[in-house]
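S.K.: The structure under discussion is supplied below as structure tokens; questions concerning it will follow.
The values are calculated or read from the model by the stated rules, or taken from the named source; none is laboratory data. None of these values were measured; they are calculated from a predicted model. Counting neighbours? That spans all protein chains shown, and the Cβs are built from the backbone with ideal geometry, glycine included. The protein model used for the area step is the full one, side chains on, heavy atoms only, and it has no ligands, DNA or RNA in it. Shrake-Rupley method; radii C 1.70, N 1.55, O 1.52, S 1.80 Å.
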Amino acid sequence: MTLPLADTLKGRLIVSCQAPPGDPMRHTGTLVRMTLAARAGGAAAVRVNDPEVVAATVAAVDLPVIGLWKDGGGGVLITPTVRHALALVEAGAAVVAADATARPRPDGSTFAQLVEAVHAAGALVMADVSTFDEGREAAARGADFVGTTLSGYVPGSPRRSAPDLALVADLAAAVSVPVIAEGRIATPEQAAEALAVGAHSVVVGTAITAPTALTRAFAAGLTS
């Protein structure tokens, strides 16, 4: 089920085209143009948030779309329920990205149930994890891809300022599904290093698609 898309993504860049609430870039048309720019730059796939943006991206860009739906005020935020996951499939996502941490889901479902529902609807699942044990468990529960997306962002996983390449390497050696490096990858050199330690693909977001955050960092650097 996974192999054709996995082959397409192997050794390639996935660009996360998102914007946080309140950001001027958080506009469906703007985000779609961002995905078009990513395609023009050589991205193999894009990762986008919200069914509306997924549907608009699928209609405009001939790249695989990894869809997620951030919803909620705390705890599990990324595609928290089966309902959210199926809405992303309905919108056209080839892959549904979902939190696969050990935290309880708001609808009482399990990650395995979400995987089963998404597979039955004809799409694949990317498990966003924060630790080695979570990644191994997600693969055992049927995830098609395991991403290190949440390392450093979940209570219990160490806060980091750089990519968690140790987690990438450990998971790549332990699971049979492709491991996608994601989180705090800020340079082409770090992306290449992630592949060198075993990542199947690399997701980059802020360093490419977040002008507000990048401007803020430069402005702060001039006043520090």
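S.K.: Anything in region 188-213 that is open to solvent by less than 60 Å² (accessible area, probe 1.4 Å) and farther than 24 Å from GLY135 by Cβ? List them, or say none.
M.R.: Within region 188-213, THR209, ALA210, PRO211, THR212, ALA213 qualify.
S.K.: How many residues does region 115-172 hold that are among the small types (Gly, Ala, Ser), crowded, with 24+ Cβ neighbours inside 10 Å and part of a helix (DSSP H, G or I)?
M.R.: Number of matching residues: 2.
S.K.: On to the next question. Scan region 16-34 residue by residue and report those that are of a type in the set (Val, Ile, Thr) and in contact with a Cys (Cβ under 9 Å, 6 or more places away or on another chain).
M.R.: Scanning region 16-34 gives a single hit, VAL32.
S.K.: Let me confirm something: among ALA37, ALA59, which residue is in contact with a Cys (Cβ under 9 Å, 6 or more places away or on another chain) and surrounded by fewer than 21 Cβ atoms within 10 Å (Cβ to Cβ)?
M.R.: ALA37 is the lone residue from the list that is in contact with a Cys (Cβ under 9 Å, 6 or more places away or on another chain) and surrounded by fewer than 21 Cβ atoms within 10 Å (Cβ to Cβ).
S.K.: Can you tell me which residues in region 48-101 are over 21 Å from ALA38 (Cβ atoms) and charged (D, E, K, R)?
M.R.: ASP71, ARG83, GLU90, ASP99
S.K.: If you don't mind, another one. Quick check on this structure: which one of VAL53, VAL95 is among the hydrophobic types (A, V, I, L, M, F, W, C) and farther than 19 Å from VAL129 by Cβ?
M.R.: When all the criteria are applied, what remains is VAL53.
S.K.: Would you confirm whether any residue within region 193-200 is hydrophobic (A, V, I, L, M, F, W, C), closer than 20 Å to ALA138 by Cα and in contact (Cβ under 8 Å) with a residue 12 or more places away in the chain?
M.R.: yes
S.K.: Among the residues of region 75-94, are any loosely packed, with under 14 Cβ neighbours inside 10 Å and either of a type in the set (Ser, Thr, Tyr) or without any contact (Cβ under 8 Å) to a residue 24 or more places away in the chain (or both)?
M.R.: No, region 75-94 contains no residue that is loosely packed, with under 14 Cβ neighbours inside 10 Å and either of a type in the set (Ser, Thr, Tyr) or without any contact (Cβ under 8 Å) to a residue 24 or more places away in the chain (or both).
S.K.: So which residues in region 3-27 are over 16 Å from the mean Cα position of the chain (by Cα) and surrounded by 15 or more Cβ atoms within 10 Å (Cβ to Cβ), if there are any at all?
M.R.: Across region 3-27, the qualifying residues are MET25, ARG26.
To keep it simple, each residue is scored yes or no on (1) touching a strand residue (DSSP E or B) at 6+ places or on another chain (Cβ under 6 Å); (2) hydrophobic (A, V, I, L, M, F, W, C).
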residue	(1), (2)
THR57	yes, no
ALA85	yes, yes
LEU88	yes, yes
THR101	no, no
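S.K.: Still on this structure, I have one more. Run down ILE185, ILE180 and say which single residue is crowded, with 24+ Cβ neighbours inside 10 Å, within 18 Å of the chain's Cα centre (by Cα) and not in a strand (DSSP E or B).
M.R.: Only one candidate qualifies: ILE185.
S.K.: Looking at the structure I just gave you, is ASP71 farther than 24 Å from VAL168 by Cα and within 16 Å of the chain's Cα centre (by Cα)?
M.R.: For ASP71, the condition - farther than 24 Å from VAL168 by Cα and within 16 Å of the chain's Cα centre (by Cα) - is met.
S.K.: Can you list residue pairs whose Cβ atoms sit under 8 Å apart, with the first residue in region 131-158 being farther than 14 Å from GLN113 by Cα and of a type in the set (Phe, Trp, Tyr) and the second being at pLDDT 95 or above and in a loop (DSSP other than H, G, I, E, B)? Count only pairs 6 or more apart in sequence or on different chains.
M.R.: If the second residue must be at pLDDT 95 or above and in a loop (DSSP other than H, G, I, E, B), the pairs left are PHE145/VAL177; PHE145/PRO178; PHE145/HIS200; TYR153/SER130; TYR153/GLY183.
S.K.: Can you tell me which of ASP128, ASP164, ASP133 is closer than 20 Å to TRP69 by Cβ and of a type outside the set (A, V, I, L, M)?
M.R.: ASP128
S.K.: With respect to PRO64, determine if the residue is open to solvent by 10 Å² or more (accessible area, probe 1.4 Å) and within 22 Å of SER16 (Cα to Cα).
M.R.: When the stated conditions are applied, PRO64 passes them.
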